Amino acid sequence: MESAAQFASVSSDAVQAKTGKTWAEWFAILDAAGAQTLSHPQIARYLQEQQGVPDWWCQMLTVGYEQARGLREAHQKTDGFMANASKTLAVPLAVLYDAWADEGKRAAWLDEVELTVRKATPDKSLRITWSDGSGLDVNLYAKGESRSQVSLQHSKLPDAATAARMKTFWGAALDRLKAFVEG
């Protein structure tokens, strides 16, 4: 059923509600425009300039089209693949931040990895470069006085297999973090 179609994590019903056309209609328009031979920016620009699609929806339609036509895999970005993970912990935000920011504490729960903290904003975020050049964005959120959440995105990964491996890695690492800070 057409309305059940979903690409780029967006249903055809949502696409139609926001753009006036379903995924199938957009795919036909883009196929007719030769989008299979265009780059991601060229497709997005075509949608904006020739079809009048708003910026955010240009990106969603472009990613959906690329996935549907086999030009992009799930979790693939223009600069590689990504893996996400998050966990809510029963500790104040400052304790969670310290477990990430303090090198000694981080070593107690994070497997031995070489990394460089490029930027750290206390009780808010860390921007980290992994030894392989991939990037890790760590965001922290207060969920009350004694609860906080960590949400991370590991990006610029070389392929889908690495992204899947890192998703598993981060799931286990966040479990160790939880045990470390709550223990």
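Overview of values
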quantity	calculated
Out of THR37, THR116, THR19, sole residue that is in contact with a Phe, Trp or Tyr (Cβ under 7 Å, 6 or more places away or on another chain) and at pLDDT 90 or above	THR19
Residue within the stretch 95-105 that is out of contact with any Leu (no Cβ under 9 Å at 6 or more places or on another chain) and either of a type in the set (Val, Ile, Thr) or in contact (Cβ under 8 Å) with a residue 24 or more places away in the chain (or both) present	yes
Set VAL63, VAL95: member being of a type outside the set (Asp, Glu) and at pLDDT below 90	VAL63
Condition met for TRP130 (of a type in the set (Phe, Trp, Tyr), more than 30 Å from SER39 (Cα to Cα), outside the structural domain of VAL63 (by TED's automatic domain parsing) and surrounded by 13 or more Cβ atoms within 10 Å (Cβ to Cβ))	no
Residues of the stretch 13-37 that turn out to be under 19 Å from LEU71 (Cβ atoms) and buried (at least 18 other Cβ atoms within 10 Å of the Cβ), as a count	6
Yes/no for LEU115 being buried (at least 18 other Cβ atoms within 10 Å of the Cβ) and not basic (Lys, Arg)	no
Strands (runs of 3 or more DSSP E) fully within the stretch 88-167 counting 1 or more residues that are touching a Pro at 6+ places or on another chain (Cβ under 9 Å)	135-142, 148-157
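The values are calculated or read from the model by the stated rules, or taken from the named source; none is laboratory data. Here the structure is a predicted model, which means the values were calculated and not measured. Please note: Cβ atoms are built from the backbone with ideal geometry, for glycine as well, and neighbour counts cover all protein chains shown.
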